[in-house]
1. Yes or no: segment 55-67 includes at least one residue that is within 13 Å of the chain's Cα centre (by Cα), under 18 Å from Asp155 (Cβ atoms) and at pLDDT below 95.
2. For segment 85-107, state whether one or more residues are hydroxyl-bearing (Ser, Thr, Tyr) and more than 16 Å from the chain's Cα centre (by Cα).
3. With at pLDDT below 95 and over 30 Å from Leu14 (Cα atoms) as the only criterion, which of Leu86, Leu105 stands out?
4. Considering only segment 108-140, state which residues are among the β-branched types (Val, Ile, Thr) and more than 12 Å from the chain's Cα centre (by Cα).
5. Of all strands (runs of 3 or more DSSP E) completely enclosed by segment 81-165, which ones contain at least 2 residues that are touching a Phe, Trp or Tyr at 6+ places or on another chain (Cβ under 8 Å)?
6. For segment 145-165, how many residues are among the β-branched types (Val, Ile, Thr) and surrounded by fewer than 15 Cβ atoms within 10 Å (Cβ to Cβ)?
7. Pick out, from segment 1-79, the strands (runs of 3 or more DSSP E) lying fully within it that include 2 or more residues that are surrounded by fewer than 12 Cβ atoms within 10 Å (Cβ to Cβ) and either in contact with a strand residue (DSSP E or B) (Cβ under 9 Å, 6 or more places away or on another chain) or on the phi < 0 side of the Ramachandran plot (or both).
8. Restricting the search to segment 87-123, which residues are farther than 21 Å from Ala163 by Cβ, among the hydrophobic types (A, V, I, L, M, F, W, C) and surrounded by 15 or more Cβ atoms within 10 Å (Cβ to Cβ)?
Amino acid sequence: MSLRPQLTLELQRLVGVQGGASIALSTPAGLRLQIQLTAVDSMSCSLSELQLFVPALQNAAFDVLRNWADSLSQRITYLLEQIGPLEYDPAAGQVLIRSVKPDSLPDGSQYYEVVLSSQTGGNFSLRRYRSTKGQPGRAPVDITVTHEVLLKLVDDLVATAPATP
């Protein structure tokens, strides 16, 4: 069973959840999806983080991460802001992807952040943050999407993920 049908069933099962739930799914190829949900209704959901563990990324050559970052940035065009690679760190085995143009708010901004890592077992992590003008740091905020957008995002992650050797 692929991730889409499994995720669809989990979202249907969790309709009405407020305050938090976790989804953990896997494929026969070893991909593992984890989603931390904060709310689910019949059409949409809010999540604090989405992670995809990709065994092929573990200790992969840095070009594999770079290529995946480029592929993801070109394919995922339906979030609130376009995302693109911001920092490449070959020594740490990480690529940082962020909103190319963050969402401007009267008192700050919000943006998506994706970290691709060949460390910690090979990992994709998506979160959203808010920064406030005049205040140091940032705070995590929920990502709210329709079920359809979440399913498409997961499909795109799986379709572009580096294959297990």
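1. Within segment 55-67, not a single residue is within 13 Å of the chain's Cα centre (by Cα), under 18 Å from Asp155 (Cβ atoms) and at pLDDT below 95.
2. yes
3. Answer to the check: Leu105.
4. Matches in segment 108-140: Thr120, Thr132.
5. Hits in segment 81-165: 83-89, 94-99, 108-117, 123-132, 139-141.
6. Applying the first criterion (among the β-branched types (Val, Ile, Thr)) to segment 145-165 yields 145-146, 149, 154, 158, 160, 164.
Imposing the further condition that a residue be surrounded by fewer than 15 Cβ atoms within 10 Å (Cβ to Cβ) reduces the set to 146, 164.
Summing the residues that are among the β-branched types (Val, Ile, Thr) and surrounded by fewer than 15 Cβ atoms within 10 Å (Cβ to Cβ) in segment 145-165 gives 2.
7. Values: elements: 18-26, 32-40, 44-53.
In segment 1-79, the matching strands (runs of 3 or more DSSP E) lie at 18-26.
8. Scanning segment 87-123 gives a single hit, Leu96.
The values are calculated or read from the model by the stated rules, or taken from the named source; none is laboratory data. Everything numeric in this text was worked out from a predicted model, so none of it was measured. When we count neighbours, we look across all protein chains shown, and the Cβ atoms used for this are built from the backbone with ideal geometry, even at glycine.
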